[in-house]
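> Take a look at this one; I'll ask things after.
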Amino acid sequence: MAEELTIGFRFYPTEDELVAFYLRNQLEGRSDDSMHRVIRVLDVFEVEPSHLPNVAGERCRGDAEQWFFFVPRQEREARGGRPSRTTGSGYWKATGSPGPVISKDNRMIGVKKTMVFYTGKAPTGRKTKWKMNEYKAVDETVNFSTIPKLRDEFSLCRVYITSGSSRAFDRRPVGSFQTERMLTSDVGVAETSFRVGSSPETSKSGGEHVDLSVNTEMVDGLTEPMWEWDQLNWS
């Protein structure tokens, strides 16, 4: 149970879990206070990156690596405008190309883009170590062949600081005590990893390895772009 988690446990969801369980339940209105104690609803683009760790869900505030937020669609975006990604000290800038989020059964369930925070004013801002992965779920009610339609009522953002270790932000700890805990509530159950202790620098990403037919090496986007931003209608 979420209420049973104690200090020292950390939240290590895979991208599959983030989209298929957490984001999907938020989109369908099946999330509750238990889930929001882990992933808070917040417009992260109105907050300075350095302040985000202190306003994250209470279960994640002790984490020194990554913080998660459900980000509601901005009013200007709902009216057909471009979302604001500017704070008082700088701005978030997309990098690379949007890439797919693949489920364990090899289905595309969402799309991810990576952003970097720059201080100052565009286009002459200075790059920082703050990065963000923004996830949107595929609208499963619409058939698509090459270009997916995305749900945009909420996105799920993972904020982290560049560590220099490739994909360290999306790893499951290796070589330390691990346990599977169920985060349960009225919305159902997600098998999500938590751990006690510290993890080594070498690590594996995303739990079980799946041999995908799609190139999903996405540190700063795909090496071979699959879509353009305007194709996905993602500003």
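> Of all residues in region 8-36 being in a loop (DSSP other than H, G, I, E, B) and under 16 Å from the mean Cα position of the chain (by Cα), which is farthest from residue 156 (Cα to Cα)? Don't jump to the end; show me each part of the working.
So the first thing to find is which residues in region 8-36 are in a loop (DSSP other than H, G, I, E, B), and the list is 8-11, 13-14, 28-32.
Now drop any that are not under 16 Å from the mean Cα position of the chain (by Cα), which leaves 10-11, 13-14.
Working: 10: 18, 11: 15, 13: 12, 14: 13 Å.
Checked region 8-36; the qualifying residue farthest from residue 156 (Cα to Cα) is 10.
> Go through (1) more than 18 Å from residue 115 (Cβ to Cβ); (2) surrounded by fewer than 19 Cβ atoms within 10 Å (Cβ to Cβ); (3) modelled with pLDDT of 95 or more for residue 26 and report which single condition fails.
Failing condition for residue 26: (2).
> Within region 77-97, can one find any residue that is basic (Lys, Arg), farther than 25 Å from residue 142 by Cβ and in contact (Cβ under 8 Å) with a residue 24 or more places away in the chain? Even if it seems obvious, please write down each step before you answer.
As a first pass, look at region 77-97 and keep what is basic (Lys, Arg): 79, 82, 85, 93.
Next, only the ones that are farther than 25 Å from residue 142 by Cβ stay: 85, 93.
Still in the list and also in contact (Cβ under 8 Å) with a residue 24 or more places away in the chain: 85, 93.
Scanning region 77-97 turns up at least one residue that is basic (Lys, Arg), farther than 25 Å from residue 142 by Cβ and in contact (Cβ under 8 Å) with a residue 24 or more places away in the chain.
> Ok, one more. Would you pick out the residues in region 63-94 that are buried (at least 20 other Cβ atoms within 10 Å of the Cβ) and either of a type in the set (Ser, Thr, Tyr) or more than 17 Å from residue 41 (Cα to Cα) (or both)?
90, 92
> So how many residues does region 29-62 have that are surrounded by fewer than 16 Cβ atoms within 10 Å (Cβ to Cβ), in contact with a Lys or Arg (Cβ under 9 Å, 6 or more places away or on another chain) and of a type in the set (D, E, K, R)?
So the count comes out to 2.
> Also, quick follow-up: Could you list, in sequence order, the residues of region 125-136 that are within 16 Å of residue 156 (Cα to Cα) and either in a loop (DSSP other than H, G, I, E, B) or not aliphatic (A, V, I, L, M) (or both)? Walk me through it before giving the result.
To start, the set of residues in region 125-136 that are within 16 Å of residue 156 (Cα to Cα) comprises 131-136.
Passing the criteria: 131, 133, 134, 135, 136.
> Here is a check on your reading of the model: is residue 131 touching a strand residue (DSSP E or B) at 6+ places or on another chain (Cβ under 7 Å), modelled with pLDDT of 95 or more and surrounded by fewer than 20 Cβ atoms within 10 Å (Cβ to Cβ)?
Details: touching a strand residue (DSSP E or B) at 6+ places or on another chain (Cβ under 7 Å): yes; modelled with pLDDT of 95 or more: yes; surrounded by fewer than 20 Cβ atoms within 10 Å (Cβ to Cβ): no.
For residue 131, the condition - touching a strand residue (DSSP E or B) at 6+ places or on another chain (Cβ under 7 Å), modelled with pLDDT of 95 or more and surrounded by fewer than 20 Cβ atoms within 10 Å (Cβ to Cβ) - is not met.
> Just to verify a result, which residue in region 138-173, among those that are of a type in the set (A, V, I, L, M), at pLDDT 85 or above and more than 11 Å from the chain's Cα centre (by Cα), is farthest from residue 12 (Cα to Cα)?
Of the residues in region 138-173, the ones of a type in the set (A, V, I, L, M) are 138, 142, 147, 150, 156, 159, 161, 168.
From the residues that got through so far, the ones that are at pLDDT 85 or above too are 138, 150, 156, 159, 161.
Add one more test, that the residue is more than 11 Å from the chain's Cα centre (by Cα), and what stays is 138, 150, 161.
Values: 138: 22, 150: 25, 161: 16 Å.
Filtering first and then ranking leaves 150.
The values are calculated or read from the model by the stated rules, or taken from the named source; none is laboratory data. It should be emphasised that the depicted structure is a prediction, and the values quoted were computed from it without experimental measurement. Don't worry about glycine lacking a Cβ; one is built from the backbone with ideal geometry, like all the others, and counts go over all protein chains shown.
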